[in-house]
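K.L.:
One structure follows; several queries about it will come next.
The values are calculated or read from the model by the stated rules, or taken from the named source; none is laboratory data. Being a predicted model, the structure only gives us computed values, none of them experimental. When we count neighbours, we look across all protein chains shown, and the Cβ atoms used for this are built from the backbone with ideal geometry, even at glycine. For accessibility, only protein heavy atoms count, side chains too; no ligands or nucleic acids. Shrake-Rupley method; radii C 1.70, N 1.55, O 1.52, S 1.80 Å.
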Amino acid sequence: MTKLIVDGREIDVPPEYTLLQACEAAGAEIPRFCFHERLSIAGNCRMCLIEVVGVPKPQASCAMSVKDLMPNKDGSPKALSTRSPMVRKAREGVMEFLLINHPLDCPICDQGGECDLQDQAMAYGVDQSRFRENKRAVEDKYLGALVKTAMNRCIQCTRCVRFATEVAGVPELGAIGRGEDMEITTYLEQAMVSELQGNVVDLCPVGALTSKPYEFAARSWELNKTESIDVMDALGSAIRIDTRGREVMRILPRVNDDINEEWISDKTRHVVDGLRSQRLDQPYVREKGRLRPASWREAFAAIADKLARANPRRMGALVGDLAAVEEIFALKDLLTRLGVGNLDCRKCDSALDPAWGRATYLFNATIAGIDTADALLIVGANPRKEAAVLNARIRKRWRTAKSFPVGLIGAKAELTYGYDYLGAGPETLAAVTRHSFAEALRKAERPLVLLGAEALARVDGAAVASLAAKAAIDLGAVKDGWNGYCVLHGAAARVGALDLGFVPGPGGLTARQMATSGTLDILFLLGVDEIDIAAGAFVIYIGTHGDRGAARADVVLPGAAYPEKSATYVNTEGRVQIATRASFPPGDAREDWAILRALSDVLGRRLPYDSLAALRAALYKAHPHLMRIGRIAPGDAADIQKLAGRGGAVDKAPFRPSVEDFYFTNPIARCSAVMAQCSAIATGRAAVAAAR
């Protein structure tokens, strides 16, 4: 540790700290534009100037380390000042230079109220400028469907360039020209295609890059801000939902170092318009082959009439990708009272089974554990499409670690980091311990084996899971103090449903069997839109959008989307999270658990909870680990050993990608016009790349 005196206060800081970090550790406020904690240092805005006592010129605190300070001859601690007349004059001069060319766009700029330049101009600006030159004019650039440009405002801080290159791993942005002629642009002015490109809007300190879908929609002070979590994938990224009245206006990231740091994917950020499109806002009942609007009483009566004549053995239920724990628990409770054992939450007949133990279906190393891992084997997964923020974390580890070998078994993909391609299918996995790449895993102290959930959604899924567990043990990924066997789920509902045991009981049917014609008379779909249900069964659909599930249903019951309910989710690492209600469902739509509670009265199987609090009390009594919000109940590594011993024969078919189109993975995204634009751009770029 090194002693420093900052504004008269003596502190001890690590020698690796920058002077900016040291000053902030002492409680000083340092303005900045180019510096960002998660990006490399550029040192080009000069707003963070401070005085180092004994040095005649102000110093850029972001670009100088504590260890770079020349010690005082008498051995006394170095003194730094952040409020001296020299510092004040220097910052005012920098601000005066920045404002030479900056247009007065505050009345029409979407960054108004959230602009770093605006805030710091109030603190460090002067009342008049000495410069009378004409302002520089720069043409706006086309960056695609998500990012709007106003390049006259750009101060060349290069945050966006560094993010695209370092974090997203898709170097689409760069600088051309020099000095006054310098401009930030994409190469050949193509659209950005990174799944994380929307984060450059948050990073831009001056409003040169703003959100195109949110353009002129609202001002920040008009919005109510609600902290929640994302359900577009299984990571559970921390988000903030901003609403005006009953309408969700935008979604922004929150800082959570354990999961998403401060990034979110473009699907998470821009799916907002999908929450308003094609919404189910009243019940529907099918008559003469067509769905007609109905009252709740009529819809419930139609269901009760069918169930009164049905055999419980020919009834079943499926759970979709966005369902919350509360409604899954209520549905299972209702169907158990009806004597139904055909339950499944695994839409593709995945081999995951709660009976094998919780460790067999969790990301056991945790997402933050990637930061300490030193080798990675990816099996049957594409993290860039299945969990874009997780992929950025893997890339971060790949960039910063001295050695981080990555191997891939499955379909080749552009993962934004280098990897060794080992093979395409289970045969490669079976022989991976004899591959040359295995030596890198054995030498690693904390290797990871990342298994994609889609790799288990095969006829030989159980054997693949056993092979992956055996490989993890043989390669040293499962040992005392470290469990590197990690399953990456793509659906926010999956782990919570598995924790509740929403799988077929003894003799019960799987999802694929239930979807087959003639196996069931009645089928409940809780937000299921990814499975084609054959003709024959009477389908009761509880969901939010007019997607495939509603089109197939005989009775449609309108539910609440994730911003419209207080709900519990369990992410891929087993962390229990709460999504907070930010708005209300449209029309006659209701929260899913409340629909099931009302339906239970009509069916004569009354569920014993009349409020969300009572439901959660019953839930916590049955599954105590779900009451520990924000915490992970770790799995038992011994379950991995048992899974490895199950064995089984594997097919020669290669692993297939689970996500073909990143932007169309759930009904909310499929109803979004913005996601449709992004998909069209990405598809067009892929077609051009394939043609080359």
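K.L.:
Just to be sure before I move on: is residue 37 under 27 Å from residue 158 (Cα atoms), part of a loop (DSSP other than H, G, I, E, B) and without any contact (Cβ under 8 Å) to a residue 40 or more places away in the chain in the structure I sent?
P.N.:
yes
K.L.:
Among 600, 679, 658, which is the only one that is within 30 Å of residue 369 (Cβ to Cβ) and of a type in the set (Ser, Thr, Tyr)? First the steps, then the outcome.
P.N.:
Working: 600 fails: within 30 Å of residue 369 (Cβ to Cβ); 679 fails: within 30 Å of residue 369 (Cβ to Cβ).
Checking each option against the conditions leaves just 658.
K.L.:
Also: Just a yes or no: is a residue in segment 213-227 surrounded by 24 or more Cβ atoms within 10 Å (Cβ to Cβ), at pLDDT 95 or above and not in a helix (DSSP H, G or I)?
P.N.:
If we filter segment 213-227 for residues that are surrounded by 24 or more Cβ atoms within 10 Å (Cβ to Cβ), which is where we start, we get none.
Looking for residues that are surrounded by 24 or more Cβ atoms within 10 Å (Cβ to Cβ), at pLDDT 95 or above and not in a helix (DSSP H, G or I), one finds none in segment 213-227, hence no.
K.L.:
How many residues does segment 85-113 hold that are outside any loop (DSSP other than H, G, I, E, B), among the acidic types (Asp, Glu) and either within 33 Å of the chain's Cα centre (by Cα) or surrounded by 15 or more Cβ atoms within 10 Å (Cβ to Cβ) (or both)?
P.N.:
1
K.L.:
Here's a follow-up. Could you list, in sequence order, the residues of segment 287-346 that are of a type in the set (Val, Ile, Thr) and within 27 Å of residue 668 (Cβ to Cβ)?
P.N.:
Pass one, segment 287-346, residues of a type in the set (Val, Ile, Thr): 303, 319, 325, 328, 336, 340.
The answer is 303, 319, 325, 328.
K.L.:
Let me ask something else about it. Just the residues that are at pLDDT below 95, charged (D, E, K, R) and either within 29 Å of residue 645 (Cα to Cα) or in a helix (DSSP H, G or I) (or both), please, taken from segment 413-432.
P.N.:
427
K.L.:
Looking at segment 641-681, which of the residues that are assigned to a loop (DSSP other than H, G, I, E, B) and without any contact (Cβ under 8 Å) to a residue 40 or more places away in the chain is surrounded by the most Cβ atoms within 10 Å (Cβ to Cβ)?
P.N.:
Within segment 641-681, the subset assigned to a loop (DSSP other than H, G, I, E, B) is 645-666, 671-672.
Within this subset, residues satisfying the condition of being without any contact (Cβ under 8 Å) to a residue 40 or more places away in the chain are 660-661, 664.
Numbers: 660: 9, 661: 15, 664: 17.
By that ranking, first place goes to 664.
K.L.:
Just one of (1) more than 23 Å from residue 634 (Cα to Cα); (2) assigned to a strand (DSSP E or B) trips up residue 398, so point out which.
P.N.:
Residue 398 satisfies all of (1) more than 23 Å from residue 634 (Cα to Cα); (2) assigned to a strand (DSSP E or B) except (2).
K.L.:
Of everything in segment 153-180 that's assigned to a loop (DSSP other than H, G, I, E, B) and aliphatic (A, V, I, L, M), which residue is surrounded by the fewest Cβ atoms within 10 Å (Cβ to Cβ)?
P.N.:
170
Residue-by-condition table, conditions (1) touching a strand residue (DSSP E or B) at 6+ places or on another chain (Cβ under 8 Å); (2) under 26 Å from residue 379 (Cβ atoms):
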position: 486; (1), (2): yes, yes
position: 516; (1), (2): no, no
position: 537; (1), (2): yes, no
position: 557; (1), (2): yes, no
position: 560; (1), (2): no, no
position: 590; (1), (2): yes, no
position: 593; (1), (2): no, no
position: 597; (1), (2): no, no
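K.L.:
Taking only pairs six or more apart or across chains, which ones have beta-carbon atoms under 6 Å, a first residue in segment 185-196 that is at pLDDT below 90, and a second residue that is aromatic (Phe, Trp, Tyr)?
P.N.:
Hits for this filter: 189/142.
K.L.:
In the list 116, 110, 105, which residue meets the criterion of being of a type in the set (Asp, Glu), under 30 Å from residue 223 (Cβ atoms) and touching a strand residue (DSSP E or B) at 6+ places or on another chain (Cβ under 8 Å)? Give the derivation first.
P.N.:
Working: 116 fails: touching a strand residue (DSSP E or B) at 6+ places or on another chain (Cβ under 8 Å); 105 fails: touching a strand residue (DSSP E or B) at 6+ places or on another chain (Cβ under 8 Å).
Every option except 110 fails the conditions.
K.L.:
What residue, of 607, 615, is over 30 Å from residue 475 (Cα atoms) and part of a loop (DSSP other than H, G, I, E, B)?
P.N.:
Working: 615 fails: part of a loop (DSSP other than H, G, I, E, B).
Only one candidate passes the filter, namely 607.
K.L.:
Of all residues in segment 341-373 being within 22 Å of residue 461 (Cβ to Cβ) and in a helix (DSSP H, G or I), which is nearest to the chain's Cα centre (by Cα)? Steps first, answer last, please.
P.N.:
Restricting attention to segment 341-373, the residues satisfying the condition of being within 22 Å of residue 461 (Cβ to Cβ) are 341-365.
Filter again for in a helix (DSSP H, G or I), leaving 354-356, 358-361.
Numbers: 354: 25, 355: 28, 356: 27, 358: 22, 359: 22, 360: 22, 361: 19 Å.
So, considering only residues that are within 22 Å of residue 461 (Cβ to Cβ) and in a helix (DSSP H, G or I), the one nearest to the chain's Cα centre (by Cα) is 361.
K.L.:
What are the pairs, 6+ residues apart or on separate chains, where a residue within segment 277-292 that is surrounded by fewer than 16 Cβ atoms within 10 Å (Cβ to Cβ) has its Cβ under 6 Å from a residue that is modelled with pLDDT of 95 or more and in a strand (DSSP E or B)?
P.N.:
278/545; 281/558
K.L.:
So, in segment 63-84, how many residues would count as being part of a loop (DSSP other than H, G, I, E, B), of a type outside the set (A, V, I, L, M) and out of contact with any strand residue (DSSP E or B) (no Cβ under 6 Å at 6 or more places or on another chain)? Don't jump to the end; show me each part of the working.
P.N.:
If we filter segment 63-84 for residues that are part of a loop (DSSP other than H, G, I, E, B), which is where we start, we get 63-64, 69-77, 82-84.
Narrowing further to those that are of a type outside the set (A, V, I, L, M): 71-77, 82-84.
From the residues that got through so far, the ones that are out of contact with any strand residue (DSSP E or B) (no Cβ under 6 Å at 6 or more places or on another chain) too are 71-76, 83.
Qualifying residue count for the region: 7.
K.L.:
Which numbered condition in (1) open to solvent by 20 Å² or more (accessible area, probe 1.4 Å); (2) over 20 Å from residue 682 (Cα atoms); (3) hydrophobic (A, V, I, L, M, F, W, C) is the only one that residue 184 fails?
P.N.:
(1)
Residue-wise test of (1) modelled with pLDDT under 95; (2) not small (Gly, Ala, Ser).
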| residue | (1), (2) |
| --- | --- |
| 469 | no, no |
| 480 | yes, yes |
| 483 | no, yes |
| 488 | no, yes |
| 492 | no, no |
| 495 | no, yes |
| 500 | no, yes |
| 504 | yes, yes |
| 507 | yes, no |
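K.L.:
Can you name every residue in segment 358-412 that is in contact (Cβ under 8 Å) with a residue 60 or more places away in the chain, of a type in the set (A, V, I, L, M, F, W, C), open to solvent by 20 Å² or more (accessible area, probe 1.4 Å) and touching a strand residue (DSSP E or B) at 6+ places or on another chain (Cβ under 9 Å)?
P.N.:
Residues satisfying the conditions do not exist here.
K.L.:
Looking at residue 26, is it under 26 Å from residue 123 (Cβ atoms), in contact with a strand residue (DSSP E or B) (Cβ under 7 Å, 6 or more places away or on another chain) and crowded, with 19+ Cβ neighbours inside 10 Å? First the steps, then the outcome.
P.N.:
Values: under 26 Å from residue 123 (Cβ atoms): yes; in contact with a strand residue (DSSP E or B) (Cβ under 7 Å, 6 or more places away or on another chain): yes; crowded, with 19+ Cβ neighbours inside 10 Å: no.
When the stated conditions are applied, residue 26 does not pass them.
K.L.:
Let me ask another. Quick one: how many residues across segment 52-74 are touching a helix residue (DSSP H, G or I) at 6+ places or on another chain (Cβ under 9 Å) and within 19 Å of residue 1 (Cβ to Cβ)?
P.N.:
7
K.L.:
Does segment 370-393 hold any residues that are over 17 Å from residue 412 (Cα atoms) and among the aliphatic types (A, V, I, L, M), and which are they? Explain how you work it out, then say what you get.
P.N.:
Of segment 370-393, the ones over 17 Å from residue 412 (Cα atoms) are 370-375, 389-390, 392-393.
Matches in segment 370-393: 370, 373, 375, 389, 390, 392.
K.L.:
Which pairs turn up if I take residues in segment 595-624 that are open to solvent by 70 Å² or more (accessible area, probe 1.4 Å) and look for partners that are assigned to a loop (DSSP other than H, G, I, E, B) and not β-branched (Val, Ile, Thr) with beta carbon separation below 8 Å, at least 6 apart in sequence or on another chain?
P.N.:
605/338
K.L.:
List, please: which pairs have Cβ atoms under 7 Å, are six or more places apart or on different chains, and start with a residue in segment 143-169 that is at positive phi and end with one that is of a type in the set (D, E, K, R)?
P.N.:
169/395
K.L.:
Another one. Looking at (1) over 20 Å from residue 521 (Cα atoms); (2) open to solvent by 40 Å² or more (accessible area, probe 1.4 Å), find the lone condition where residue 332 falls short.
P.N.:
All conditions are met except number (1).
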